[in-house]
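Coordinate-derived values only; no laboratory data. From a predicted model like this one, the values you see are computed outputs, not experimental measurements. As a convention, Cβ positions derive from the backbone with ideal geometry for all residues, glycine included, and neighbour counts pool all protein chains shown.
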Amino acid sequence: MSQTLAKPVLNKVGYLIVYVDDMHMAVSFYKEKLGLAPKFEDKEWTELETQGFTLALHASKKAPAIDKENGPCIVFSVEDIKGTHAALKEQGLAVSELKTVCEHDGMIGLSGDFADPSGNRLSVYGMVKKTV
């Protein structure tokens, strides 16, 4: 008699792995430009402190082929989207202008896109009150 297994529930992200060309440059970028402190670091693998999951940098000269323009994007949620956007631009990052990505309950979601030194897509996102 076979036993029916319960359907798995995969609702918690533990790790997000990002392939990088140059670990030293990538760690400097994530630490100095984005304020993420390494909790483990070596020349092949670095784990960065984030809320809810571990962002891991994996050194790879031959990273898997990913469509950098349409592939996955790491979106960082922030409280002050306009201030964060301005601060990233002030640091010299090529961040897109803020664009509206959603609207509900009298609030508007804004995001600005940019990339890390290896070309991985990144974005900042936050909500602001809708003004008439």
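Normalised by 2.2 N^0.38 Å, where N is the number of residues, the alpha-carbon radius of gyration of the chain equals 1.25. Over region 89-132, with a single point scatterer placed on each C-alpha, what log10 of the ratio I(q)/I(0) does the Debye formula yield at q = 0.25, 0.29, 0.34 1/Å? Results for region 89-132 at q = 0.25, 0.29, 0.34 Å⁻¹ read -0.85, -1.00, -1.18. Secondary structure note: in the chain, about 65% of the DSSP beta bridges are antiparallel.
Note: relative contact order over the chain, using C-alpha pairs below 8 Å and six or more positions apart, is 22 percent.
Using the rule -39500 (n - 2.57) for each DSSP H run of four or more residues, divided by the residues of the chain, the 222 nm mean residue ellipticity is -3000 deg cm²/dmol.
Within the shell defined by Cβ-Cβ distances under 15 Å, the residues around residue 53 carry a net charge of 0, with Lys and Arg each +1 and Asp and Glu each -1.
Working note: Karplus 6.51/-1.76/1.60 with θ = phi - 60° gives region 116-132 the couplings 7, x, 8, x, 5, 6, 10, 8, 10, 9, x, 9, 9, 5, 6, 10, 8 Hz, where Gly and Pro are set to x.
Between 104, 85, 58, find the one with the highest GNM mean-square fluctuation for the chain; connect C-alpha pairs within less than 10 Å. Largest GNM mean-square fluctuation: 104.
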